[in-house]
Structures are given as structure tokens and as C-alpha cells.
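See below for the structure under consideration.
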């Protein structure tokens, strides 16, 4: 293991784009500089300082900040976590599978040569790393191209879906079967009132964060069991990171993260966890109770209210994130493809990258074939002991 207290530097030869230089620092030593650089820079939630810091506090986490400069001015900063994956050492986004729609903090300008400099800087700064693997990146954000897009990239297996909020909530409904949605919403409201009344609220205290997260984990675990898939929220380190994230946002005039809950008859029936990045609100996760009121679709009701509120607060995009689900398609008019960035640094890294590319291509082909994907999901549900599609 490389000494975490050491700062490494690597020089890049002169190119047409000018002279590049790079450093790799332990995140603890760079967190203040990173937060300062991110201010006013376009970046997405997985590179938000608050998101990164939440994962940096996980026991044994090995996070580093890669800083690239040109002419003595910082042009690009990237925070990654160094992890062991079998025999290979890989640099990934903090949060791993929970880091979606990534876009690094960088200037809006000419970053020609940045991928070569990134390779040289990381290879010298952390020679133990075999592969830099950055998954589920946005190709562009707010009309700015992702500087990582290009050589070494493959298409991610999952599509990303979002809602254009231009024109306000009435316009959104006008583009997405609004008459039917309003009728359903009125019907849901009547059912909820009959069941004892409803309340939609946002967590404003640590106790409410614990309540909403705890209920979400229970709901999601039950849903994953029905689907026959692994519960990616089960590890305590992941739950602790999310708690730090949402508690840390409390009291901010412009919070980075929000937890919404829907109570019906005094019982939580649906929960969403969202992030805010610029003019985009992203639903990072959601779940609903599979109980006697599931037929009234409390999850749909909560999304209706969340999207309406996003419009009223001036958001430009409501992002459902990765994954193609029926409830998302009922709202979305923006479909995009994320990309995975592979940067092998050693022979082992090349081998791991090649296997990853092949695996990703197989997954993508399966998910793009609706008949095959439906059969696979049905087989998983049957294996888990349920054949019903209970998606909200």
C-alpha cells in the first residue's frame, strides 16, 4: 500500500494544449481544496463534496483526489476510491453502484489531453492501481461535454430517464397524459382520506431522517426479495454513508439532499431520496409499502407531488436516474445513454477491463431485448417465490 500521507506529482510533456501537471493526494488532505474548486463548477451528485465526504467516512475507505493543472491553474479534479476487486486494484467513484449519472468537476474550456494526463498522474501517484473504472457517466450536462468521453469509453448497460420541466407542471402533464394523471391523483387522494388522511413531508430532523431511511430499507429489502436480486442497500457502511449525507443536508438554505415521505393513516407508505445538483433534482432511490394500500399506488402519488414541487421551485430537470421502469416511462420525455470510462494502467488492468467490457456488452444486449429481459426478470421472481409484478 502506498503511504497515504505522501503527495505525488507527475509532469506531462508539452503539447499543443499547453503544459499539464497532476497530483494525487489523500482525500483528507485535499477536501478543503476540492470543496473550493467545486464551487461554481458544473458537476453531478457523485462528485459533490458532500456526497464524497459521506463515503470518505466509511471504515477503511481509501479515497484520493486527482488534481490536474495547466499553466499553474486547476482545470480538473476527480475523487476516486481505491478498492480491491479480486487480484486487481481498481479506482472507482465513491459509492460504487450508488454513484449514477456522474460528471466530474472541471472548467468549461479546452481540456485536450486530459485523459493522457489522468493516466500518467494516477500511474505515478498510485502505482498500485491497475484500472481506473468510472461507470455510469453523463456524456454531457447543461450542454457541456464530459471531458472523459471518448477513447476508452463504452456504453453503460442501463438507459437513464428524466423529465423536462420546461414550461411548468401543466406543460409537463400536457406532454405525459396529464388528464389521466390528474384523474388518478384525485382518486388516490379520496382513497387516502378514507384510510385516515395523508401527509407528505420532508425530513427536517435527524430523527425523521432515521425514520424515513429505516422505513425505506425495510420496503426496499422486501421488494428486492420479490425480485430475486441482491439488496444493495443492506451493508451497514452504505446505510451509514446515506445517513451522513441526509443528516448533513439538514438546515442548509440550499440542501444537497432531500428525503420525502408519504404517510397514509399515520403509516409511512412511500419514501424517496433525492439529490439536487444545479437545476436538476434526481431521485436517487424510492420504495413503497406492499400492503393493503399498494393498490392505490402511493409511490406514484409521491412522484406526482415531487415533480410538481420541482417545477414550482424552478428546477429544469427531474431525473429518475438509471434503469428502465414502467413508472418512469409514464413521466419521462428525456432518454439518454451513460458511458463507462476504462483506463487500464497495468497488464492486469487491461485484462480486467476487457472482461468488464464483454460483461457490460452482454448485459446491455439482454436489457435492450425486451422479450429476453422480461423472461429473465420473471425467472428471478419465480426463483424468489413470487410471480407477480408489483412495481408501483
Nearest 10 degrees is fine. How inclined is helix 27-38 to the longest principal axis of the chain, computing both from alpha carbons? 70 degrees
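Using 1/(1 + (r/R0)^6) with R0 = 30 angstrom and r between the beta carbons of residue 252 and residue 28, what's the FRET efficiency to the nearest 0.05? Show your work: numbers first, answer last.
Details: r = 23 Å, r/R0 = 0.76.
That gives a FRET efficiency of 0.85.
What's the extension gain from residue 232 to residue 164 if we count 0.36 nm per residue and subtract their Cα-Cα distance?
21.6 nm
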Counting DSSP beta bridges with both ends in the chain, the antiparallel % (nearest 5): 90 percent
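Counting helices only, and only those DSSP H runs with n ≥ 4, report the 222 nm mean residue ellipticity of the chain as the sum of -39,500 (n - 2.57) divided by its residues, in deg cm²/dmol to the nearest 500. Walk me through the numbers before you get to the answer.
On the way: 11 runs with 147 residues, N = 392.
Counting only the DSSP helices, I get -12000 deg cm²/dmol.
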What is the range 166-315 by shape, rounded, prolate or oblate, if you read a ≥ b ≥ c off the alpha carbon gyration tensor as root eigenvalues and call it rounded for a/c under 1.5, prolate for a/b larger than b/c, and oblate otherwise? oblate
Between residue 378 and residue 179, what length in nm is gained on full extension when 0.36 nm per residue of separation is reduced by their alpha carbon distance? 68.4 nm
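Counting residues in the range 144-214 as N, plug N into 2.2 N^0.38 Å and put the Cα Rg over that result. All intermediate terms of the calculation are to be shown ahead of the outcome.
Values: Rg = 19.9 Å, N = 71, 2.2 N^0.38 = 11.1 Å.
Here the Cα radius of gyration is 1.79 times the empirical estimate.
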Angle, helix 236-248 long axis vs. longest principal axis of the chain, Cα atoms, 0 to 90°, nearest 10? 80 degrees
Using only Cα atoms and rounding to the nearest 10 degrees, what angle (0 to 90) does helix 298-312 make with the longest principal axis of the chain? 60 degrees
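Work out the FRET efficiency for residue 110 and residue 316 from their Cβ-Cβ distance, taking R0 = 45 Å, and round it to the nearest 0.05.
Working: r = 26 Å, r/R0 = 0.58.
The value I calculate is 0.95.
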For the chain, set up a GNM with springs between Cα atoms under 10 Å and report which of 53, 284, 218 has the largest fluctuation. 218
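Could you tell me the calculated FRET efficiency between residue 218 and residue 57, based on Cβ-Cβ distance and R0 = 22 angstrom, to the nearest 0.05? Kindly include the intermediate steps, with their values, before the conclusion.
Details: r = 24 Å, r/R0 = 1.09.
Computed FRET efficiency for residue 218 and residue 57: 0.35.
Mind ranking 42-49, 112-119 by how tightly packed they are, going by the mean number of other C-beta atoms within 10 angstrom, highest first?
Values: 42-49: 23.0, 112-119: 20.0.
Put in order of decreasing packing, that is 42-49, 112-119.
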Assuming 1.306 mPa s and 10 °C, estimate D for the range 59-203 with Stokes-Einstein, Rh taken as the Kirkwood radius over Cα pairs, in µm²/s. 83 µm²/s
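Which of the three applies to the range 179-228, rounded, prolate or oblate, going by the alpha-carbon gyration tensor with a ≥ b ≥ c and a/c under 1.5 meaning rounded? Numbers along the way, then the final one.
Working: a/c = 2.48, a/b = 1.36, b/c = 1.83.
It comes out oblate by the Cα gyration axes.
Coordinate-derived values only; no laboratory data. None of these values were measured; they are calculated from a predicted model. Cβ: placed from backbone, ideal geometry, glycine included. Neighbour counts: every protein chain shown.
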